[in-house]
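Have a look at the structure below before the remarks.
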Amino acid sequence: MNMSLIDGPIPLLLQLLALIAIVVAIGRGRSRQWLLRWILVAVLVGVASAISAALYIRHQGWATGPISFGTMFWIGMFGFAVTVLIAGWRGNGWWRRLVSLLSVPLVMVCGMVAINAGTGYLPTVRAAWLRITGAEPEQFIDEAQLAALRQKGEIPTRGTAVRVSSPSDASGFAHRPEVVYLPPAWFASNPPPALPAVIMLAGEFGHPDDWLVSTNALQTLDKFAALHHGNAPVVVFPDIGGRFNNDTECVDGSRGNAAAHLTEDVVPYLISRFAVSSNRQNWGLVGWSSGGTCALLTAVRNPDMFRAFVWLDGTLGPNAGTREQTVARLFGGDQDAWAAFDPKTVITRHGPYDNLSAWLGVSDDTPTVHRDASTTPPPDEALAGWDNFSETHVPNAKKLCALLSGHNIECSVVGYPGGHHFSSAGNGFAAALPWLAGILGTPDVPARVLPGAPAK
């Protein structure tokens, strides 16, 4: 069940089956005229399919960099396979027709495997099984099971992930069930200790529990707690989409009040339901990809609520395409509404912050860059080329750190292994967790300076 869906025998086998099916669908004994005509048409349809898909992805703002060759190839092969199916139907026998029909979904599966290889969303067969069946990892329980566990008075040896239904009274945001991670220390007393709390946010498409199913975050939290006498922050995995394909970009806009849901629903709920600390010094945020943008945005808009945030491969602001597309799609064309959720505008208008720190992680081999907090805004050249649409993570992180540090927010740009996918995000979180837990005042966790900062 832990066999990889990113590389290895399973993707290779699927690709071979798809290619064999297409070859069989073309068939032997075709006339030279048929082959010249319809193979050419199939190639042209395939190329047109790939180009159209790339343009559509670009138009929607789903990606700004080059799309992987594997993804483009299998999108093209889909158009090729459909053309071969239609053109060759009349001259094929029943079994070749069957194979031809089968080639189309096989190619579609290969396309999804290629996309998955680029995102790491379903890293293993087990992760795919959990998503398809709706099953949950064994550490997941519901509220009733939590009550029974509390009644026993036992301290678990590892963390517990609880499915919860937080309110939406303040925001009106229709959301899916969310997840709260409770470290063993939470069960050590009744009422529970006032532990620090962290909001963890994943990418633009997905489920609230993506960090737990698609990365090693659950194992990372358990290992961390085991090294610190069961102590770790309480972590909430909220819903900022409402449904899989609703890209809110974590703002209050036409796609839902996701920002208000975090600060006006989730935070008060966690304090009241799980007795976490209400002190902003004990609250942090972690986010990857658009979740990283969300962590940045939420922290700088609500400095009275958060002490620190971890930004992993995020963008520089809400990104639903170009700036013009973002303003239109998320805010109905309202420039003022956009400005209220643009981190650069928010930070500049706010001026110097008080006691806020940032870990800016990038999935690249890059030297660590640390900047002390300062009240001198950065020169224009340090922010040259600022673009919320850009996904060039290292330059983005350096520009962001320059802006943050110039408004009294200490920050470090830190590289971590891997590319822009979920498994790599797990590495970034594992690297940042000791610093984040320490700065938030987690019991038995020593405070650490940001990477690159002088020892205090």
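All of the numbers you see were taken from the coordinates with simple rules; none came from a lab. Remember, predicted model here, so these are calculated numbers, not experimental data. Counting neighbours? That spans all protein chains shown, and the Cβs are built from the backbone with ideal geometry, glycine included.
Of all lysines in the structure, those lying under 26 Å Cα to Cα from Lys344, and not within fewer than 8 positions of it along the same chain, are Lys398, Lys399. So I have (1) 2.23; (2) 0.99; (3) 1.08, and one of them is Cα Rg over 2.2 N^0.38 Å calculated from this model. Which one is it? Matching the structure shown: (3). A straight line joining the Cα centroids of segment 1-72 and segment 400-456 runs 41 Å.
By the Cβ-Cβ criterion of under 4.7 Å, the unpaired cysteines of the chain are Cys110.
Karplus-derived 3J(HN,Hα) values for segment 419-425, using 6.51 cos²θ - 1.76 cosθ + 1.60 with θ = phi - 60°, are x, 7, 8, 4, 4, 5, 4 Hz; glycine and proline are entered as x.
How large is the dipole of segment 137-439 about the Cα centre if only Lys and Arg carry +1 and Asp and Glu carry -1, each at its Cβ, rounded to the nearest 20 debye?
On the way: 19 positive and 31 negative charges, 121 e Å.
That gives a dipole near 580 debye.
Projecting label points 7 angstrom from Cα along Cα→Cβ for Asp7 and Leu36 puts them 4.3 nm apart. Summarising the amide proton neighbourhood of Val164: residues at separation of 5 or more, or on other chains, whose placed amide H is nearer than 5 Å comprise Glu178, Val179, Val180.
Hey, fewest Cβ within 10 Å first, where do Cys411, Cys401 land in order? Walk me through the numbers before you get to the answer.
Values: Cys411 28, Cys401 23.
With the fewest neighbours first, Cys411, Cys401 line up as Cys401, Cys411.
Assign one of three labels to segment 9-127, namely rounded, prolate or oblate, based on the Cα gyration tensor with a ≥ b ≥ c the square roots of its eigenvalues; rounded applies when a/c is under 1.5, prolate when it is not and a/b is larger than b/c, and oblate otherwise. Verdict is oblate for segment 9-127. Distance between the pseudo-spin-label points of Thr348 and Glu143 (7 Å out from Cα toward the beta carbon): 4.5 nm. Here the label points at Glu391 and Ala174, each 7 Å from Cα along the C-beta direction, are separated by 2.8 nm in the simple model.
For segment 77-91, 3J(HN,Hα) computed residue by residue from phi via the Karplus equation (6.51, -1.76, 1.60; θ = phi - 60°) reads 5, 5, x, 4, 5, 5, 5, 4, 4, 5, 5, x, 4, 5, x Hz, glycine and proline entered as x. For Val198, the residues 5 or more places off, or on other chains, whose built amide H falls under 5 Å of its own are Val234, Val235, Val236, Gly284. Applying 1/(1 + (r/R0)^6) with r as the Cβ-Cβ distance of Asn190 and Ala135 and R0 = 35 angstrom yields a FRET efficiency of 0.65. Which of the lysines could a cross-linker bridge to Lys152, judged by Cα under 26 Å and excluding same-chain residues fewer than eight apart? Once the sequence-local lysines are set aside, what remains near Lys152 is Lys223.
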